[in-house]
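Where a number appears in this text, it was derived from the coordinates with a stated rule and is not lab data. Since the model is a prediction, treat every value here as computed from it, not as a measurement. Cβ: placed from backbone, ideal geometry, glycine included. Neighbour counts: every protein chain shown.
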Ligand code: MRU
């Protein structure tokens, strides 16, 4: 019998000599197609339309996009090189507003450019190395998060997650799904409840696909079934990722997370957030300051299974991609540094490179 095949980091995203290649997440689960971006604007576009998505993974894509811009910028003119890389960095940084990992990674790359004035060739090489290092580091952080979170789960855990915080979302291993993977390695009886995650179905398209490849038992539900599942005893823990964690522990994550947190509190189920320190934003004091991406109403009006519109095209639709769960509903935040408990103002780590 062959072991189930997980998703390897270089399959999620990689920087080659002249391109950024990624598994196109818009095509999953029906097709596994590699998207090859040969110019930085294509990386911006891939981030915007969620071909690559999830906070740490778009940070990695942003860093690789800056490296790609540097590889293709003129190397015989220091000023033109710096201007082109700065243009790419600004566009990549602005591709999506909520996940702070994107700004963190692009800003780290911009600081590297500033540290090597007038040396395009060497700077381009340093940016490529740094992008690959950011990728490796994010995967290592996920593994550490999984190991720390084991202390929070007993045997036979029944974990409800939301959206996709797996290998696809982090560049390998996963945060919330990293916790699931670590739990499953220690206790194969672990089960996962997977809400489909409307409107873009990251739960059903991506999380169920990843868990299937890992051979981890899971049950797909519609988002509207979450309360009944909790009431019926199918859930022992809710474990989710995050796009940005404010200094006070308020957590921005995929729309619907806040609702799950309220339900979890009502049912006495611990709500656990798994995220690397690169998702912590010490510069944003509370969740009220986190910018929430508003996407096209077309994603909500969508299509029914037989390809017809799910709503009249003239119907007004709201589509905030994320919501904010107040820190008071979060039992623990797990980063690569360990398990953090309230008050989060004091217990949360600062991301590497953040001003003191
Ligand atoms: O819009 P998406 O698919 O990028 O949203 C992703 C999420 O909300 C994830 O839960 C979050 O980025 C954490 S990924 C480890």
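Given the residues 227, 242, 247, which is the only one that is touching a helix residue (DSSP H, G or I) at 6+ places or on another chain (Cβ under 7 Å) and buried (at least 22 other Cβ atoms within 10 Å of the Cβ)?
Selected residue: 242, the only one of 227, 242, 247 that is touching a helix residue (DSSP H, G or I) at 6+ places or on another chain (Cβ under 7 Å) and buried (at least 22 other Cβ atoms within 10 Å of the Cβ).
List the number of the failed condition for residue 121; all other conditions in (1) over 11 Å from residue 40 (Cα atoms); (2) touching a helix residue (DSSP H, G or I) at 6+ places or on another chain (Cβ under 6 Å) hold.
Tallying (1) over 11 Å from residue 40 (Cα atoms); (2) touching a helix residue (DSSP H, G or I) at 6+ places or on another chain (Cβ under 6 Å), residue 121 fails exactly one: (2).
If the requirement is being touching a helix residue (DSSP H, G or I) at 6+ places or on another chain (Cβ under 9 Å) and free of Cβ contacts under 8 Å to residues at least 40 places away in the same chain, which of these qualifies: 63, 5, 86? First the steps, then the outcome.
Working: 63 fails: free of Cβ contacts under 8 Å to residues at least 40 places away in the same chain; 5 fails: free of Cβ contacts under 8 Å to residues at least 40 places away in the same chain.
Selected residue: 86, the only one of 63, 5, 86 that is touching a helix residue (DSSP H, G or I) at 6+ places or on another chain (Cβ under 9 Å) and free of Cβ contacts under 8 Å to residues at least 40 places away in the same chain.
Under the condition of being touching a residue at least 40 places away in the same chain (Cβ under 8 Å) and in a helix (DSSP H, G or I), which residue from the stretch 289-320 is farthest from the ligand (Cβ to nearest atom)?
Step by step, filter the stretch 289-320, then rank; the result is 289.
With 63, 70, 83 as the choices, which residue is crowded, with 24+ Cβ neighbours inside 10 Å, over 30 Å from residue 253 (Cβ atoms) and away from the ligand (no atom under 12 Å from the Cβ)?
70
Here are some residues: 262, 280, 334. Which one is under 18 Å from residue 160 (Cα atoms) and within 19 Å of the chain's Cα centre (by Cα)? I'd like the intermediate steps shown before the answer.
Working: 262 fails: within 19 Å of the chain's Cα centre (by Cα); 280 fails: under 18 Å from residue 160 (Cα atoms).
Exactly one of 262, 280, 334 is under 18 Å from residue 160 (Cα atoms) and within 19 Å of the chain's Cα centre (by Cα), namely 334.
Hand me the list of strands (runs of 3 or more DSSP E) wholly inside the stretch 202-278 holding 3 or more residues that are closer than 19 Å to residue 150 by Cβ. If you could, list the steps in order and put the result at the bottom.
On the way: elements: 218-221, 237-240, 244-246, 251-254, 271-274.
Once the strands (runs of 3 or more DSSP E) in the stretch 202-278 are filtered for at least 3 residues that are closer than 19 Å to residue 150 by Cβ, what remains is 237-240, 271-274.
Of the conditions (1) surrounded by fewer than 24 Cβ atoms within 10 Å (Cβ to Cβ); (2) within 16 Å of the ligand (Cβ to nearest atom), residue 189 satisfies every one except a single condition; which number is it?
Only one criterion in (1) surrounded by fewer than 24 Cβ atoms within 10 Å (Cβ to Cβ); (2) within 16 Å of the ligand (Cβ to nearest atom) is unmet by residue 189, namely (2).
For a quick check of your reading of the model, give me the residue pairs whose first member lies in the stretch 181-192 and is free of Cβ contacts under 8 Å to residues at least 12 places away in the same chain, whose second is outside any strand (DSSP E or B), with beta-carbon atoms closer than 9 Å and at least 6 apart or on different chains.
That search, which allows pairs on different chains as well, returns 185/146; 188/215; 188/216; 188/217.
Residue 330 passes all but one of (1) touching a helix residue (DSSP H, G or I) at 6+ places or on another chain (Cβ under 6 Å); (2) within 24 Å of residue 237 (Cβ to Cβ); which number fails?
Tallying (1) touching a helix residue (DSSP H, G or I) at 6+ places or on another chain (Cβ under 6 Å); (2) within 24 Å of residue 237 (Cβ to Cβ), residue 330 fails exactly one: (1).
Looking only at the stretch 28-44, decide whether some residue is in contact (Cβ under 8 Å) with a residue 24 or more places away in the chain, within 16 Å of the ligand (Cβ to nearest atom), under 25 Å from residue 8 (Cα atoms) and surrounded by fewer than 21 Cβ atoms within 10 Å (Cβ to Cβ).
yes
If you check residue 86 against the conditions, is it part of a helix (DSSP H, G or I) and within 16 Å of residue 351 (Cβ to Cβ)?
No, not satisfied.
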